[in-house]
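*Asks:* Below is the structure I would like to discuss, written out as C-alpha cells.
Just so you know, all these numbers are worked out from the coordinates, no wet-lab data involved. Because the structure is predicted, anything quoted here is derived from the model rather than measured. Ideal geometry is used to build each Cβ from the backbone, glycine not excepted, and the neighbour counts take in all protein chains shown.
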Amino acid sequence: MSSRIVTLPNILTVIRMVLIPVFVSLLFYQKFAWALTTFIAAGVTDGLDGLLARRFDQKSQLGTILDPIAAKLLLVTSFIVLSLPSIIPDPHPRHLPIPFWVTAAVISRDVFIVVGATVINMVTGFRGFRPSWLGKTNTVVQITAVIAVLTAARFSLLRGYLPTVYTIVFACAVISGAHYVYWAARLLGEERGNPDSDGEVAK
C-alpha cells in the first residue's frame, strides 16, 4: 500500500468531498435538477477513484481512509438535508421530505459500524475491515434512493413510488447493520489465521 498523497484517485475523492457543500447549497435554494446533477457527479467520482486506483496501481493509505469517509459524508448529509421540511417548496408535499425514521436508520447503522470497528480495534488491534457484498448493496440502495427522492422533488407526479423506496432503504440499513456483526467476526477469525493480512474500512 503506497504512502503517496497526491494521486489521481485521492484528487477525485477530495473533489467528491468539495461537492458536498455545493450539493447542500443547491438543495437549500431548491435547485433540485442541479443538485441531482451534482450528486450524480459525486457518485461517478466514487466509482472512478477505485477503478483508477486498481488500474494504475495508485492505492494509498490516505485513499483507504478518505474514500469511505467521503462516501459516508455524502450519503448521510443527503439523507439529513432531504429530511428537512423546509427543503421542499410544496406546502403539502406528497411523501416528502424523507421520513425521520428512514434517516435515523441510515445514521444509526453507520454509527454502529464505526463504534464497533473502533472498539474492536482498541481491544484486539484488528484493522482488516473490508466491505461485504451486503454493505455494498446497502450503499447502492442509498445512492439510488437519493436520486429517486431528488427526481421526485423535481417532478411531483413521480412521488408515488417513494414509500417503497423508504421501506427498502430502512430494511437494507437494518439487515446490513445486523450482518456486520457476523462479517466482523468472520474477518477477525481470518486475521487470526493470517496475521499479515490487511484490508480497508467497511462501507
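*Asks:* Among what's in the stretch 133-162 and is farther than 23 Å from ALA70 by Cβ and crowded, with 17+ Cβ neighbours inside 10 Å, pick the residue that is farthest from the chain's Cα centre (by Cα).
*Replies:* Checking each candidate, the answer is ARG159.
*Asks:* Next up: Return a yes/no flag: does the stretch 120-132 have any residue that is surrounded by 14 or more Cβ atoms within 10 Å (Cβ to Cβ), farther than 20 Å from ILE20 by Cβ and β-branched (Val, Ile, Thr).
*Replies:* Looking through the stretch 120-132, at least one residue is surrounded by 14 or more Cβ atoms within 10 Å (Cβ to Cβ), farther than 20 Å from ILE20 by Cβ and β-branched (Val, Ile, Thr).
*Asks:* Quick test of your reading of the structure: ASP57 fulfils all but one of (1) in a helix (DSSP H, G or I); (2) touching a strand residue (DSSP E or B) at 6+ places or on another chain (Cβ under 9 Å). Name the failing condition by number.
*Replies:* Every condition holds for ASP57 apart from (1).
*Asks:* Right, another one. Given the criteria within 17 Å of VAL24 (Cα to Cα) and of a type outside the set (Gly, Ala, Ser), does LEU134 qualify?
*Replies:* When the stated conditions are applied, LEU134 does not pass them.
*Asks:* Being over 22 Å from ARG16 (Cα atoms) and either without any contact (Cβ under 8 Å) to a residue 40 or more places away in the chain or basic (Lys, Arg) (or both) is the filter here; which residues of the stretch 72-96 pass it?
*Replies:* Within the stretch 72-96, LEU84, PRO85, SER86, PRO91, HIS92, ARG94 meet the criteria.
*Asks:* Tell me the residue from THR151, THR118, THR137 that is free of Cβ contacts under 8 Å to residues at least 24 places away in the same chain, β-branched (Val, Ile, Thr) and either in contact with a strand residue (DSSP E or B) (Cβ under 8 Å, 6 or more places away or on another chain) or assigned to a helix (DSSP H, G or I) (or both), please.
*Replies:* Result: THR118 is the single residue among THR151, THR118, THR137 that is free of Cβ contacts under 8 Å to residues at least 24 places away in the same chain, β-branched (Val, Ile, Thr) and either in contact with a strand residue (DSSP E or B) (Cβ under 8 Å, 6 or more places away or on another chain) or assigned to a helix (DSSP H, G or I) (or both).
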